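The values are calculated or read from the model by the stated rules, or taken from the named source; none is laboratory data. In this text, all values refer to a predicted model and were calculated from it rather than measured experimentally. Virtual Cβ from ideal backbone geometry, glycine too; neighbours counted across all protein chains shown. Side chains included, ligands, DNA and RNA excluded: accessible areas come from the protein's heavy atoms. Shrake-Rupley method; radii C 1.70, N 1.55, O 1.52, S 1.80 Å.
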Amino acid sequence: MLRASGLASYGIALAAGLAVFALFRLSPVQAVATLIDGAVGDRFAIARTLLKATPLLLCGLGMTVAWRAGVYNIGGEGQLIAGALAGALAFEAGGAFAGTFTPWLLLVLGAFGGAVWASLAGWMQSYRGVPAVITTILLNFVMVQTLLWLVSGPLQDPSLGVPLSRRLPHDAMLPRLDRQADLHAGFLIGLLLAPVLWVILYRTFWGLDIRFAGSNPDAARANRRPIRLVQLGAMALSGALCGLAGGVEYAGSLGQVGAGISQNWGFLAIPVALLGGLDPLGVVATALVFGGLFAGSEDLLRFTPAGSALVAAFQAVALLAFVASRQGRVKPVEAEG
Amino acid sequence: MDSLLTVRGLTKRFGRLVALDSVSVDFRPGEIHAVVGENGAGKSTLMAHLAGFLVPDRGEIRLGGDLLPAGDPLGCRNRGIAMVHQHFTLVDGLTVLENVALSAGGRGWIAASQLEAQFRRLCEAYGWELEPRAAVASLSVGQKQKLEILKALWGESSIVILDEPTATLSETEAEELFVLLRRLAAEGRIVVLIAHKLREVLSVADRITVLRGGRAVRTVERSEADERALAEWMAGELPEIRPGRAAEEKPVRISVRNLHVRDDLGRLRVRQVCFDVRAGEIVGITGVDGNGQVELAEAIVGIRRPDSGQVMVDGEPPAKVAQSIGYVPQDRQRDGLSLVMSVGDNVLIGLRNGSRFFRGPFLHASSFADHVRSLIDRFGVRCAGPDQTVASLSGGNQQKIVLARALDPFPKVLVAVDPTRGLDFKATAAVHNLLLEAAEGGAAVVLISGSREEVALLANRAFRISMGRLEPWETAAVQELVPC
Ligand SMILES: Nc1ncnc2c1ncn2[C@@H]1O[C@H](COP(=O)(O)OP(=O)(O)OP(=O)(O)O)[C@@H](O)[C@H]1O
Ligand SMILES: [Mg+2]
């Protein structure tokens, strides 16, 4: 089995992705230059990379807590949407009132919404014995449909003919770090939460409980640890982080909620978390790599003759090659001697 | 079939640790060859090389003159080398027969009825009762051990390696196994056996190799060795056991009334059990494994709800006073430890009154690491330090982690199931002394053990458990017993 070291797998991923270009007789050299330029070429490129990395980072951290606890949360997407909707509903209910505290309130509501939505699945696993893998997938469907209904009904901005919610006024948005490049404070929040989560996992008893519950639940039980409660709590925190990502997208990047509130961030967060070794600090690194890939791809779309389908194929092939060449580097979740 | 297995200059390092240091030894057809040594001496590592699981740094292993394919377990298996590992390699979710099919290998359809017929024939030949269609998860530890042995004897193997097969068997069952091993050897096979009980070794082995700190100290004929000599070659000394004293009339700590307990599958495993344990007293419970021992222990420590009846610890339900109950579960790898986690984490999870290592919610990592280091020292755990993952510890050293956690600080109530399983004789004696010390310090101890000798040696009072019922058991006089 082919196993590549950390750096080599980036090379393999890039080569495989570029092969897609070669296949369609487009210059791989030009493609790679465009990609790198689009990811880290200048201030704007870097800002865009960080913007794309933000929801991946937050949801990736969310996946990390849940998976470490042995709750296989596939519902990041639904929880992200729940977070964004919680904010949008409150904004609408409050008569579109905006003050300086509004963006922060929207984030808190986002985390809360995601936590509630995830806890539903957590409760079903802990106390009804239904694996979260199943419930979170189903809850994703429910939440996506709820979103579509809300933005084309109760939440729709009456002045718009399209299914989008009312736009947040400027002072209800997260502060910008870089006005020109549109970079907002959301990324810093993620960057701050990664070490916080690390401390929780490795320096608190709850974190120890989480890691034990995930690696050997029988041993956790024999040591008289409240494993169900621990897993439910991990799921709530996981949902809170994903919901926060929803809040950040809403109050940071987009300013309104529509069908496109998430670009599959909640799903992509799973490979981000796994390739990050289910370790908060590793997740920061992989979120940045994924962010760079998506930011660079936008330039591929803009400056090369490749169409959107080809760029999507490039991303998919590159990611697959990356994942496959790192096989065996992912930390085991289950105990195995 | 009749070829010599020779090991020459075998050396294996794990990081800075030299697990095997230029080991040379011959295994002859027709012999039962025992390998003994302290916990962490390198026994399992040597066996893993024989069966192709590890690649040596230096040295070679030949079978009848041909080099064995290092790092190729399947290739070794095809050359007739079968191994029973120290820890179970069974799939809990599959049935007994499916586990056999899995290890027997093959392709295409599974010839279930043929397998089953052969399985039943083997069981009958060995006098073992194993239901081929039972789920492995429902087997007792002793039954699992037998299944492992059956798996190893399944194909035609010319070399059978058994790493501590008797640790989980009762004395009678071990005797039966030895009869079987003698028969295998008489047929010209090589039988390699690891065991910690020196008396067992002396009763069954033809030759004995002693490992010490990764070196093969010597290989001797059985007639050249006795317990004292073996112990000295292994460790340099023979430990002493201080006999326990009769308990005075102290208050009752554990009271069990009319207890009925079911297992996970809903089978009634503990029936109508009543007994008290006073402070300062060791109550022993012995019996063939799978007669309700585990369910009884779990009910006493409060992780299994009784079907009816009750358990009280210091007048409270046990779940309420978990902080004062120390628990040594029977199966260290399933119920005791998380193998992928570090020694430190595994101590912390079971630590009672660990608040002194926390500042608010946060662990004070360095002071806790110091504590773990002191435990490693005191319990003689052979490991690189608190950060080593438990999976890379030897079996006996893993057991010491479970014990250290339960015994330090001394609990008010201790429930220990087969606490010395997998320990070498020195560590066994140390644990026995600790149990006595705990009791002297006022702990109420329930010692559940498959070893009648252990119970007779330590308990103030003893019961036999059979089909979930307790009956008083008169212990033999302590003087007649040998400690190991
Ligand atoms: N994969 C590994 N990585 C690091 N150290 C290891 C690894 N496997 C074994 N060791 C170390 O090698 C030494 C020998 O281990 P081994 O399992 O052979 O001991 P043993 O004689 O079988 O002991 P026991 O009686 O406790 O089973 C131990 O100190 C153990 O910690
Ligand atoms: Mg061993």
Using amide H atoms built 1.01 Å from N in the peptide plane, name the residues 5+ places from B:Phe14, or on other chains, whose amide H lies under 5 Å from its own.
B:Ala19
Dipole of the protein assembly as shown, positive direction: furthest Cα of B:Ile32, B:Val313, B:Met234, with charges on the beta-carbon:
B:Val313
Any idea which of B:Gly80, B:Leu375, B:Leu169 is furthest toward the positive side of the dipole for chain B, if Lys and Arg beta-carbons carry +1 and Asp and Glu beta-carbons -1?
B:Leu375
Would you pull out the residues with amide H under 5 Å of B:Arg215's amide H, same chain only if 5 or more places away, H placed 1.01 Å from N?
B:Asp21
Residue span B:Glu440 to B:Asn353: 0.36 nm per residue of separation minus Cα-Cα distance leaves a gain in nm of 29.2 nm
Where Rh is the Kirkwood radius over Cα pairs, Rg/Rh for the protein assembly as shown:
1.04
What shape does chain A take by its C-alpha gyration tensor, where a ≥ b ≥ c are the square roots of the eigenvalues and a/c under 1.5 counts as rounded, a/b above b/c as prolate, and the rest as oblate?
oblate
Please report, as a whole percent, how much of the solvent-accessible surface of chain B comes from carbon and sulfur atoms (probe radius 1.4 Å).
48 percent
Calculate for the protein assembly as shown the 222 nm mean residue ellipticity that helices alone would give, adding -39,500 (n - 2.57) per DSSP H run of length 4 or more and normalising by residue count, nearest 500 deg cm²/dmol.
-15000 deg cm²/dmol
What average number of partner chain Cβ atoms lie no more than 10 Å from the Cβ of the residues making up B:389-395?
1
Report ³J(HN,Hα) in whole Hz for each residue of region A:47-52, in order, from the Karplus equation J = 6.51 cos²θ - 1.76 cosθ + 1.60 where θ = phi - 60°; Gly and Pro get x.
4, 5, 4, 5, 4, 5
Derived scalar couplings ³J(HN,Hα) [region A:178-190; Karplus, 6.51 cos²θ - 1.76 cosθ + 1.60; whole Hz; x for Gly, Pro]
9, 4, 5, 8, 6, 6, 10, 6, x, 5, 4, 4, x
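Å³ per residue of the Cα convex hull, for region A:147-276? The partial results should precede the final answer.
Working: hull volume 18.9 nm³, N = 130.
Taking only Cα atoms, region A:147-276 has a hull volume of 145 Å³ per residue.
Which residues make up the longest stretch of chain A clear of GluC sites (Glu not before Pro) that lie in a DSSP loop with no more than 11 other Cβ atoms within 10 Å, not counting the sites?
Between the exposed loop sites, the longest stretch runs A:1-333.
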If you wrap a convex hull around the Cα atoms of region A:89-172, how much volume per residue is inside, in Å³?
104 Å³
For the protein assembly as shown, the per residue accessible area (1.4 Å probe, Å²) is 42 Å²
Name the long-range amide H neighbours of B:Arg269: under 5 Å, sequence gap of 5 or more, or other chain; modelled H, no Pro or chain starts.
B:Val261, B:Arg262, B:Asp263
Using DSSP to define loop residues, name the trypsin sites (Lys or Arg not before Pro) in region B:3-109 whose beta-carbon has at most 14 other beta-carbon atoms within 10 Å.
B:Arg16, B:Arg107
Quick one: ranking B:Ser158, B:Ser355 by accessible area, 1.4 Å probe, largest first, what do you get?
B:Ser355, B:Ser158
Towards the positive end of the charge dipole of region A:38-324, with charges on Cβ (+1 Lys, Arg; -1 Asp, Glu), say which of A:Phe91, A:Pro163, A:Met235 has the farthest Cα.
A:Met235
Taking the Cα centre of region A:152-227 as the origin, how large is its charge dipole in debye, to the nearest 20, when only Lys and Arg (+1) and Asp and Glu (-1) carry charge on their Cβ atoms?
320 debye
Log entry, pair B-A: total buried accessible area, probe 1.4 Å, protein chains only, in Å² rounded to 100, is 2100 Å²
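Please label the shape of region B:310-410 as rounded, prolate or oblate, based on the square roots a ≥ b ≥ c of the eigenvalues of the alpha-carbon gyration tensor (a/c under 1.5 means rounded; beyond that, a/b larger than b/c means prolate, else oblate). Walk me through the numbers on the way to the answer.
Working: a/c = 2.06, a/b = 1.31, b/c = 1.57.
It comes out oblate by the Cα gyration axes.
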Residue by residue through region A:227-237, the couplings from Karplus 6.51 cos²θ - 1.76 cosθ + 1.60 with θ = phi - 60°, in Hz, x for Gly and Pro, are 4, 5, 5, 4, 5, 5, x, 4, 5, 4, 5
By accessible area of protein heavy atoms, probe 1.4 Å, what ranking do A:Leu288, A:Leu150 get, highest first?
A:Leu288, A:Leu150
Taking r as the C-beta separation of B:Ser203 and B:Cys274 and R0 as 45 Å, the FRET efficiency to the nearest 0.05 is 0.75
In debye to the nearest 20, how big a dipole does region A:38-324 give about its Cα centre with +1 on each Lys and Arg Cβ and -1 on each Asp and Glu Cβ?
640 debye
Choice from A:Leu237, A:Leu160, A:Leu174 showing the highest fluctuation, given a GNM over chain A with Cα pairs closer than 10 Å
A:Leu160
How would chain B be classified by its alpha-carbon gyration tensor: rounded, prolate or oblate, with rounded meaning a/c under 1.5 and the a/b versus b/c comparison settling the rest?
prolate
Got a number for carbon plus sulfur as a percent of region A:69-207's accessible area, 1.4 Å probe?
73 percent
For peptide B:328-337, compute the average count of partner chain beta-carbon atoms within 10 Å of each residue's beta-carbon.
4
Lys, Arg +1 and Asp, Glu -1 on Cβ, resulting dipole of the protein assembly as shown about Cα centre, debye, nearest 20:
1180 debye
Length-normalised contact order for region A:38-324 - Cα pairs under 8 Å, 6+ apart - percent
38 percent
